[in-house]
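Worksheet for the structure shown next.
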Amino acid sequence: MTRYGLVSLLLGVLAWGQATGSKPASTPPKTATPAAAGQKSEPPGKPGENPATEAPNIPPDAPVVTINGMCEHPPADKSAASSCNIVITRAEFEKLIDAVQPSMPQRVRRQFATRYANALVMAEKAEQMGLDKNESYVEHMKLARVQVLSQELNKALQEKAGQISDKEIEDYFHNNASKFEEADMERIYIPKVKQPSAADTKLSDEEQQKRTTESEEAMKAEADKLHARAVAGEDFGKLEGDAFQAAGITGGSPSALMGKVRRTTLPPNQVAVMDLKAGDISPLITDQNGYFIYKIKSKDNLTLDQVREEIRNTIRAQRMQDSLKAMQESATPTLNEAYFAVAPPTPVPPRPGLGTKPKTSDPDD
């Protein structure tokens, strides 16, 4: 158990098991024992899928890592320890990989095997030195237990959230038909203010504010004109070029063509354009950064088969979010504000002869 704790902590530092839903690190392998005849080694990852590059055709009970000079059960005669070795078979190693990071590429496994073997040696030496009796080790093991259990819970919730029937997917598709509309559209973006010139930097604050107000009024008037021209049937690419020219923006080559767009890809204040029919021009849409005009070229609806996996992922994510929220609301931590309070900044007196206000020194800086 001691060796397991040290190795699992080291593996956590190496960050091999950060993938969502990964299992905790398994216990250190024991001396290899022959596997049952004909036993097949199932590659890690999803059934029928090997996320890593194809591994060599090696039997499950074949050694893949051997640590010479290390004994699983050290003999009383210390001189005989040098003849000991620990053997990790392919089946044991891949079980460890599956626990730590099932999608670990084949090219990375050599590095992991080396680090894991070194960690086992270090853990053995730490036990011999009695470091597993230290208070620090005990506290680390408490934290490791919490981390592993949290990962196991997350994995269990992910698996439960992923149990989605075909009917649930079909119901979601029919109940959210508008989410799967697709529109081929063009868009004109009109900046809200004109590009400032070099002379503007020399203006006073009051003059700059006046200049900004006049610039905003001019661009709003320009946006209204461009919208009228768009409704009259002018090319959107030319109109957006005129918008940039009116704003004093040079060197760019704006493109009004957006391609196929869905509701989920549009900003919330612009989603309503998806309700337009093919050939329609949107009203002038005001945004904090400028103005927008849309034109719907064509509309279509995606099929269930096209969005099946998207729906599955959406339902899974929502279920996961609901589960985590329910768990967090079931027990709320309360912190002692007197203990966790941040000390106020310490005033720093000004230097002699300087008429500046005292500065403060933030202990967090």
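The values are calculated or read from the model by the stated rules, or taken from the named source; none is laboratory data. Treat the numbers as computed from the prediction; the structure is a model and nothing was measured. Note that each Cβ is placed from the backbone with ideal geometry, even for glycine, and that neighbours are counted across all protein chains shown.
What the table below lists for this structure:
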| item | result |
| --- | --- |
| Residue tally, condition under 27 Å from E214 (Cβ atoms), free of Cβ contacts under 8 Å to residues at least 40 places away in the same chain and in a loop (DSSP other than H, G, I, E, B), over segment 243-281 | 3 |
| Enumeration of residues in segment 282-304 that are out of contact with any Pro (no Cβ under 8 Å at 6 or more places or on another chain) and not in a strand (DSSP E or B) | S282, P283, L284, Q288, L302, T303, L304 |
| Some residue of segment 195-215 being in contact with a strand residue (DSSP E or B) (Cβ under 6 Å, 6 or more places away or on another chain), modelled with pLDDT under 95 and surrounded by 14 or more Cβ atoms within 10 Å (Cβ to Cβ) | no |
| Cβ pairs under 7 Å, 6+ apart, first in segment 116-140 and assigned by TED's automatic domain parsing to the domain that holds E94 and under 28 Å from T66 (Cβ atoms), second among the small types (G, A, S) and in a helix (DSSP H, G or I) | D132/A126 |
| S330 being surrounded by 10 or more Cβ atoms within 10 Å (Cβ to Cβ) and either small (G, A, S) or under 27 Å from the mean Cα position of the chain (by Cα) (or both) | no |
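Let's see how each residue does on (1) modelled with pLDDT of 90 or more; (2) over 28 Å from the mean Cα position of the chain (by Cα); (3) exposed (fewer than 10 other Cβ atoms within 10 Å of the Cβ); (4) not in a loop (DSSP other than H, G, I, E, B):
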position	(1), (2), (3), (4)
R316	yes, no, no, yes
M320	yes, no, no, yes
K325	yes, no, no, yes
A338	yes, yes, yes, yes
P352	no, yes, yes, no
